[in-house]
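Data first, discussion second: the structure below is written as structure tokens.
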Amino acid sequence: MPLHSLYYSLLLCGLIMILAFSLKEAAVATPTRGCSEVERDALLDFKTNVKDPSHRLASWSPQIDCCKWSGVVCKTTNNATLFGGHRVVELNLQNPNVDNEQTFHTALRGEILSPSLLNLTRLERLNLSWNDFEGAQIPQFMGSFLNLKYLELSWSNFSGVIPFQLGNLSSLYHLGLQSARWLATPIAHRLDWLSGLSSLRYLDLSYVNLSTVSQNWLSDVNMLPSLRELYLVYCHLNNIPSSFNSHLNLTSLEILDLEANPFYSSSLPNWLWRLTNLSLLRIDASGLIPAGISNLTRLIQLDISGNISSPLPVEIWSLNHLVLLDLSDNTMLTGHIPAEIANLSSLQSLFLSYCSLNSQIPSEMGNLNSLTTLHLYFNSLSGPIPSDIGNLTSLISLDLSYNSLSGPIPSEIGNLTSLISLDLYSNSLSSLIPIEMGNLSSLINLDLSYNSFSGPIPTEIGKLSKLQVLFLYNCSLNGQIPFEIGNLTSLISLDLSYNSLSGPIPTEIGKLSKLQVLFLSNFSLNGQIPFEIGNLTSLISLDLSYNSLSGPIAIEIGKLSNLKDLYLRGNSRITISLDYDWIPSFQLERLDLASCTAVGPRFPQWLHSQKSMSELSLSNTSINDILPDWFWNSSSSTFSVIDLSHNKLRGTLPSSIEVIRSLEYINLRSNKLEGLVPRWTLQIWALDLSFNDFSGPIPSSKISPSYLILSNNHFNGCIPSFICKSEQLEGLDLSYNKLSGEIPKCWQEANMNLYFTHLGNNKLTGEIPSSIGNLIGLVSLHLDNNDLSGQLPMSLQNCTKLRVIDLTANNFLGSIPTWMGQNLQQLTILILRSNMFSGIIPSNLGELSKLHVLDLANNNLRGSIPCSFGNFSAIRLTSRATDDTISIEGSIDGFEYGESDSVSIVTKGYKYRFSSILYLVKIIDLSSNSLTGEFPTTLGSLVGLQTLNLSRNFLRGRIPDTIGGMKSSETLDLSFNNLSGVIPQDLSKLTALDHLNLSYNNLSGDIPSGFQLQTLLDASIYMGNAYLCGDLINKSCSNDVDNNVTKEELQKSKSQIFLSIYFGASLGYVIGLWSVFIILLSKHNWRNLYFHLIDKVHVPLI
């Protein structure tokens, strides 16, 4: 070949190579096509299937290169060609607002993830976290992104079964599928697919339901040898294996978070201590912490909750790299905090709350110089707060609340100048609040409530310029509210309630322009509400209840346009002299003016302007007016609580109250309302219309309130059957009406919540239905003063929770059943007075250890008084009986309601009605029966008995000396019996006795004197005892009168008297009979008249 031909050939090849290389470089350096059309269309298809309320995908336009779209990352692949371009390798659509109030508003939403995403074949990272896919299932095609290394789907509201196809992602090193309690809950039926993810370093399945794999979850996770972080929080796991059957592959693990799984029955397994690379361990378990924990030398955070018990291993105090130690919520953890805790020199956060620690706080804790958070609340720690706590100058949050700490707050606490939150709530701290508290210049939250401090609020507290929350309620503080409190211009919440503060509300309080909550209730504030309170334009809730404030309500309160809650209850001297057409700027939600007696007499017209009112209390406000019609119309449809009780409201109720859809509680008690009660179809929680003049029948309804109080009205007709069919009825009072007919027989087991039933003082007839035995929750049963009859149903013994039974003044008959003493062991009050019960008194009534009122008077009982009555445990004690009586009382969002149980008891010859102090009364009344036998000596052991009435029976024998043991007796009535012998001198030991009646017996001898008997000067209490003597009855005890007349002599004397009576009566009968015969024989007219009369009587008899 010629030389020049070879030269041209070489030159041509070189030019071609240079050209090809230049074109390739140009293609790589300056792509002209961007992302591929296929990938762009796939992304656009994804966009069409989601909702984007905040326009996060606004840049996703066909006219713009998709590699420039928000959240899309591209790169050039190694096999790009001359006509190639960029490939999408990352799609990051995580919500920019993570875990805040804007999260929901900026979340992408949709039920379907488009499978067109599979066209992103080079995708390596996919992040869709903190969005809302509305409970859709994670699609199976996710397992087809074979190049995927990072997959994050947490907090995106996926549900359904986690697809096992995710196990195909062999390059994956990060997998996040965390959900949340309030989101849809995914579930995993199997975890064996994890074995395909050999490169996985991060796994988060928190809040995924793993209950079906609870037994083998650990062996599946153990197939991940590269795993560094494992999060399985709240996964319904209940088993943690104590050992492995295979080799432990998790030795690279650095973070293990198994919090909120119920491993409470499992101890900490030994294999945990082989994870020597752990820096964070969170787990709930029980038992002891093994000494092997010392192997975890790299541990920085340790959180073990559940049922860990004492003692803690000393090795735990050798983990000197610990920054956070949390052993909270271990109620089995008792004993003391060891001094060795000072070894944890790196510790920044210590949480030992909700344990049972019962020692003092060790002074060595003051050596933890790095500590920023110390929470020891809800323990039983005692003793003083150590002054060494002042060394913790890095402390930001200190919470020692709910303990039994005592003594003063150490002045050294003023050294904690970095402190932001200080909570000493509910202890027994005393002395003055130290003035050094004013040095805490960073303090934002201060709560010293429920302690026993003395002295005033220190003025130095006014230096805490950053303070936002100040709670000092129930602290035994006195003095006045310092005017320096006006310097706390950052304050948002202020509560000084339940103290002994006095004086006026300082005008400086008007400087707290950021204040939203102001509670100054329950102490002795006086003077007027300052006008400056109108400057608190941010105020939402104002409580000045139970003070001695006076004067008119400042018109400035009406300027508080943000005010929602206004509580002025119990300020009887406040006047409300507002113009009739006054309209405030606020729209209240809760208003309580109860016992502000100057609100009336007119019903407040300005309430008509309140369209958002939910809770209203005008109880006892001296309103004497007609209840206006507008009160019940739609303008008040937001009411949930209405309390207009104890006024003089007149008028009628509207024909329907259904416009108030949210109504839960109505209290119109003690007014002058009249007319019919409308039928209600709403689920009202409590309805109290008692002490009014309502009439007509009780309206039938398909829905019963939980508490229905209609007593002291004029309702008539029968008790409607819906009452005994209600499942939610808990308290029922229909007493003091004119109801008739029988007690409904439809009581069902569904009524098991009913515990208070008062049907007394009506005109009910018939028997107690046997279905009443279904009321197994019944605690108080009142059927007194009706016309009920028959025997007590045996089914009543099923009501084993009964404490009060009152069947006074009916026509019940038969014997008192023995099952009362056997099954009704909770009885405290049993009143069967004024019936027709007969037979003997069951001796097992003496087994009712809680009984302190027993009234069986005015029946036909016979036999002797059981000696077992001396066993009444509640009466043997002088202390008050257990407060087991019943009341319907409490509050709804701060509004009080109440209906206390009460019974009528006869004592000292009068009938009294006991209510709030019923548990103090101890009485036995067996009077007006036919009881025989002797006075039981065992009654002398009833030290707490206040009233004993055994009068009008046939008791005999002596009054025992043991009667002196009844040291609390105030009333003793043994009159109208056959008691004999002398009055025991021990009777004078009853120092509380002020009512005694021993009349009409056969007592003899000298009337004893001394102590309390010297004050009982009414001679009639001894009358009818022929052989008694003494100065009080003006009968001397002469020598010829034996003061110790024997029982035989008395009986002989009585026999002689009766013999004389019988002889005289017989003689009179004989003389009278012969006189009649002589007259009939001698007088012919009388004889004819007599036989004529006999004929008239004889004929009708035939």
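Here are the numbers for the structure shown:
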quantity	calculated
Test for Ser655: is it more than 33 Å from the chain's Cα centre (by Cα) and modelled with pLDDT under 80	yes
Selected residue [crowded, with 19+ Cβ neighbours inside 10 Å, touching a helix residue (DSSP H, G or I) at 6+ places or on another chain (Cβ under 8 Å) and not assigned by TED's automatic domain parsing to the domain that holds Ser359] from Leu250, Leu258, Leu296	Leu250
Hits in region 985-1022 (condition: of a type in the set (A, V, I, L, M, F, W, C), farther than 18 Å from Asn953 by Cβ and touching a residue at least 24 places away in the same chain (Cβ under 8 Å))	Leu987, Leu990, Ala992, Leu993, Ile1007, Leu1013
Hits in region 168-186 (condition: among the aliphatic types (A, V, I, L, M) and either at pLDDT 95 or above or at positive phi (or both))	Leu169, Leu172, Leu175, Leu177
Unique residue being closer than 20 Å to Ile666 by Cβ, buried (at least 23 other Cβ atoms within 10 Å of the Cβ) and of a type outside the set (A, V, I, L, M, F, W, C) when the list is His714, His758	His758
Condition broken by Ser721, with the remaining ones in (1) among the small types (Gly, Ala, Ser); (2) crowded, with 22+ Cβ neighbours inside 10 Å; (3) closer than 21 Å to Lys745 by Cβ satisfied	(2)
Any hit, region 93-104, residues being surrounded by 15 or more Cβ atoms within 10 Å (Cβ to Cβ) and of a type in the set (Phe, Trp, Tyr)	no
Filter pass, Pro386 being surrounded by fewer than 21 Cβ atoms within 10 Å (Cβ to Cβ) and closer than 24 Å to Leu512 by Cα	no
Strands (runs of 3 or more DSSP E) enclosed by region 423-489 - at least 1 residues per element that are exposed (fewer than 15 other Cβ atoms within 10 Å of the Cβ)	428-431, 478-480
Region 405-426 residues that are touching a residue at least 40 places away in the same chain (Cβ under 8 Å) and in the same structural domain as Lys463 (by TED's automatic domain parsing), paired with ones that are of a type in the set (S, T, N, Q) and assigned to a loop (DSSP other than H, G, I, E, B) (beta carbon under 7 Å, 6 or more apart)	none
Tally of residues being over 33 Å from the mean Cα position of the chain (by Cα) and either loosely packed, with under 14 Cβ neighbours inside 10 Å or part of a loop (DSSP other than H, G, I, E, B) (or both) across region 576-608	15
Leading residue by the ranking (surrounded by the fewest Cβ atoms within 10 Å (Cβ to Cβ)) among those in region 338-383 that are in a strand (DSSP E or B) and touching a strand residue (DSSP E or B) at 6+ places or on another chain (Cβ under 6 Å)	Ser356
Conditions (1) more than 41 Å from the chain's Cα centre (by Cα); (2) surrounded by fewer than 19 Cβ atoms within 10 Å (Cβ to Cβ): number failed by Leu278	(2)
Residue check for Ser310: in contact with a Ser or Thr (Cβ under 7 Å, 6 or more places away or on another chain) and part of a loop (DSSP other than H, G, I, E, B)	yes
Close pairs (7 angstrom Cβ cut-off, 6 or more residues apart or separate chains): on the phi > 0 side of the Ramachandran plot in region 953-980, part of a strand (DSSP E or B) anywhere	Gly957/Glu934; Gly957/Leu979; Gly957/Ser980
Residue ID - nearest to Gly940 (Cα to Cα), chosen from residues in region 979-1011 that are of a type in the set (S, T, N, Q) and surrounded by 17 or more Cβ atoms within 10 Å (Cβ to Cβ)	Ser988
Hey, Glu315 in contact with a Phe, Trp or Tyr (Cβ under 6 Å, 6 or more places away or on another chain) and surrounded by fewer than 19 Cβ atoms within 10 Å (Cβ to Cβ) or not	no
Conditions (1) farther than 26 Å from Phe158 by Cβ; (2) part of a loop (DSSP other than H, G, I, E, B); (3) in contact with a Ser or Thr (Cβ under 9 Å, 6 or more places away or on another chain): number failed by Trp271	(2)
Given (1) at positive phi; (2) buried (at least 19 other Cβ atoms within 10 Å of the Cβ), index of the condition Gly335 fails	(2)
Cβ-Cβ under 6 Å pairs, at least 6 apart or on other chains, region 506-532 side closer than 20 Å to Ala594 by Cβ, far side surrounded by 18 or more Cβ atoms within 10 Å (Cβ to Cβ) and among the aromatic types (Phe, Trp, Tyr)	Ser521/Tyr546; Asn522/Tyr498; Asn522/Tyr546
Count of residues meeting criterion [over 19 Å from Leu491 (Cβ atoms), in contact with an Asp or Glu (Cβ under 9 Å, 6 or more places away or on another chain) and either outside the structural domain of Gly486 (by TED's automatic domain parsing) or assigned to a loop (DSSP other than H, G, I, E, B) (or both)] in region 523-553	1
Residue within region 313-327 that is assigned to a loop (DSSP other than H, G, I, E, B) and in contact with a Cys (Cβ under 9 Å, 6 or more places away or on another chain) present	yes
Residue that is farthest from Trp130 (Cα to Cα) [pool: residues in region 159-186 that are in contact with a Leu (Cβ under 8 Å, 6 or more places away or on another chain) and among the hydrophobic types (A, V, I, L, M, F, W, C)]	Leu169
Given (1) modelled with pLDDT of 90 or more; (2) part of a loop (DSSP other than H, G, I, E, B), number of the condition Leu1003 does not satisfy	(2)
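For (1) over 40 Å from the mean Cα position of the chain (by Cα); (2) part of a loop (DSSP other than H, G, I, E, B); (3) within 22 Å of Ile255 (Cα to Cα); (4) not acidic (Asp, Glu), each residue gets a yes or a no:
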{"position": "Leu148", "(1), (2), (3), (4)": "yes, yes, no, yes"}
{"position": "Leu166", "(1), (2), (3), (4)": "yes, no, no, yes"}
{"position": "Ser199", "(1), (2), (3), (4)": "yes, yes, yes, yes"}
{"position": "Ser206", "(1), (2), (3), (4)": "no, yes, yes, yes"}
{"position": "Thr212", "(1), (2), (3), (4)": "no, no, no, yes"}
{"position": "Leu218", "(1), (2), (3), (4)": "yes, no, yes, yes"}
{"position": "His236", "(1), (2), (3), (4)": "no, yes, yes, yes"}
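The values are calculated or read from the model by the stated rules, or taken from the named source; none is laboratory data. Being a predicted model, the structure only gives us computed values, none of them experimental. So basically every Cβ, Gly included, is an ideal-geometry build from the backbone, and we count neighbours across all protein chains shown.
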